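Only the coordinates and a few stated rules stand behind these numbers; no lab work does. Just so we're clear, the structure is a prediction, and the values are computed from it rather than from any experiment. Here the Cβ is made from the backbone with ideal geometry for all residues, glycine too, and neighbour counts use every protein chain on show.
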Amino acid sequence: MTTRTSATRYARALLDVLLKESTAEQGAQDLVQVSALLQQFPELPRAFTNPAIPAARKRALVAALLPKLSLSAAPVGKLLLMLAERDRLVLLPDLIAVFQERLEEFQQVVRAEVTTAEPLAADRLSTLQQRLAQATGRTVKVTTKVDPAIIGGMKAQIGSTVYDGSIATQLEGFREKLESAV
């Protein structure tokens, strides 16, 4: 079984527990804290994944870290301790990512990546976000990217669906039509 598959099972179980306790958002914030801690101290992930360190020592390390994290959702702390006991802390990065995906799915939130030739003004971004929300029927979180190669217009990708209104793509279409006509 891959680590992603195992992480998915733990993330799904954690989300179920947090939803029953009505603390899913708090759990997400707690996992963001854990992720930030892992990024801030690169020695931690190395210690968590080192097979030479016994599970009991990893559990003791997690137990010592929990009060410093001040987690607001108790199930997150319990899960961290359980993963340490089972020597499965290697799953944490995937678990955090999968949990966030599942929570957004539950909250009916989709992510959109919008590419433009120039940075979008805040009011245009807000309007675009509203229109994408109307088109999808969900709340949309937009990330923007600037790529001068599209010349003008924009590309929006939501999941596997791409809405391409870029001038570069339109010019390419015209070029293909001209070449096929000759």
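Would you look at the GNM of the chain, springs on alpha carbons closer than 10 Å, and say which of Arg124, Arg57, Arg102 moves the most?
Arg124
For helix 24-40, what angle does its Cα long axis make with the longest principal axis of the chain, in degrees from 0 to 90 and rounded to 10?
In the chain, helix 24-40 runs at an angle near 80 degrees to the longest axis.
Considering only DSSP states other than H, G, I, E and B, which trypsin sites (Lys or Arg not before Pro) in the stretch 134-182 qualify as loop sites with at most 10 other Cβ atoms within 10 Å?
none
Using only Cα atoms, tell me the angle between helix 167-181 and the longest principal axis of the chain; keep it within 0 to 90° and round to the nearest 10.
Approximately 50 degrees, to the nearest ten.
Report the FRET efficiency, 1/(1 + (r/R0)^6), for Ser22 and Ser180, where r is their Cβ-Cβ distance and R0 is 45 Å, rounded to 0.05.
Result of the calculation: an efficiency of 0.15.
Kindly state, to the nearest 0.05, the FRET efficiency for Ala149 paired with Leu125, given R0 = 22 Å and r defined as their beta-carbon distance.
Numbers: r = 20 Å, r/R0 = 0.93.
Taking R0 as 22 Å, the efficiency between Ala149 and Leu125 is 0.60.
Considering just Cα atoms, how many Å³ per residue does the convex hull of the stretch 109-181 enclose?
92
Viscosity 1.567 mPa s, temperature 4 °C: Stokes-Einstein D of the stretch 1-139 from its Kirkwood Cα radius, in µm² per second?
77
Taking only Cα atoms, what is the 0 to 90° angle, nearest 10, from helix 122-136's long axis to the longest principal axis of the chain?
80
Assuming R0 = 30 Å, what is the FRET efficiency of Ala63 and Arg111, from their Cβ-Cβ distance, to the nearest 0.05?
0.30
Under 20 Å from the 7 Å Cα→Cβ point of Ile167, by amide nitrogen: which residues of the stretch 92-119?
Those under the cut-off are 114-119.
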